[in-house]
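Here is the structure we will look at.
The values are calculated or read from the model by the stated rules, or taken from the named source; none is laboratory data. Keep in mind that this is a model prediction, so the values were computed, not measured. Quick reminder, even Gly has a Cβ in these numbers, built from the backbone with ideal geometry, and neighbours come from all protein chains shown.
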Amino acid sequence: MLNMIPTLTSLNVRRWTKYVVLATVLAAAFVLPACVSTSTPSNTDDLCQIFDEKRSWYRSATRSERKWGISIPIMMAVIYKESSFRATVRPPRKKILGFIPGKRLSTSFGYSQAKEETWSDYIRDTKNRTASRSNFADSIDFVGWYLSRAVEHLGVAATDTEALYASYHVGLSGYQSGSWRNSPSIRNSVATFQRQVQRYERQLRTCTVRNRRGRR
């Protein structure tokens, strides 16, 4: 019996070593893709370069375009304007007494800067219960969903960049009130957005990723 103890111990050590190695490999398989998928593109002003770096983003953008009827340049320009393609960005916190961090200015988060309440509406409407605001595919699908609601409820065209971004920025009811037109900062944001859409439209026509087999 005494001679069996080292053998059993050796077997247990080998068995646990295999488990540890397997767990490490599985953890790496999940962590590494996440690091890659949430990294910010090196040049967010160049749509072709974004899609060359992020092939899965192009596929996600194409799916959302087909699903919601909103063009890729418009959806990508929304994300550019809202978060600069940063996966976990949040609004700044209010300052108490000028230096103590307080609550954040809103619950906006992620690529699309969707608020918690609106994100919940998206999940309920699309049944996409595993959606995450820090996931690009989910975020661009959210953008397409929201802008398609603007088209449906406000009666604006899917190519009306002013109406689409204004409604995204101030909400559907805020757009309907028309008060946003009196805000120089909002009108400046809309104009910046429109220029970005035009830039992305010109670039997308020349992107080689569109012609690569199996990329769409």
Open item on the list: From the list 124, 133, exactly one residue is more than 25 Å from residue 189 (Cα to Cα) and modelled with pLDDT of 95 or more. Which is it?
Closed with: 124
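Every residue, every condition in (1) modelled with pLDDT of 95 or more; (2) in contact with a strand residue (DSSP E or B) (Cβ under 6 Å, 6 or more places away or on another chain); (3) surrounded by 11 or more Cβ atoms within 10 Å (Cβ to Cβ); (4) part of a helix (DSSP H, G or I), yes or no:
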site	(1), (2), (3), (4)
7	no, no, no, yes
39	no, no, yes, no
77	yes, no, yes, yes
81	yes, no, yes, yes
Task: All helices (runs of 4 or more DSSP H) inside the stretch 102-216 with 3 or more residues being over 21 Å from the mean Cα position of the chain (by Cα) and in the same structural domain as residue 85 (by TED's automatic domain parsing) - done: 136-154, 172-177, 184-204
Open item on the list: Just to be sure before I move on: is residue 148 more than 18 Å from residue 80 (Cβ to Cβ), surrounded by 14 or more Cβ atoms within 10 Å (Cβ to Cβ), touching a helix residue (DSSP H, G or I) at 6+ places or on another chain (Cβ under 9 Å) and modelled with pLDDT of 95 or more in the structure I sent?
Closed with: yes
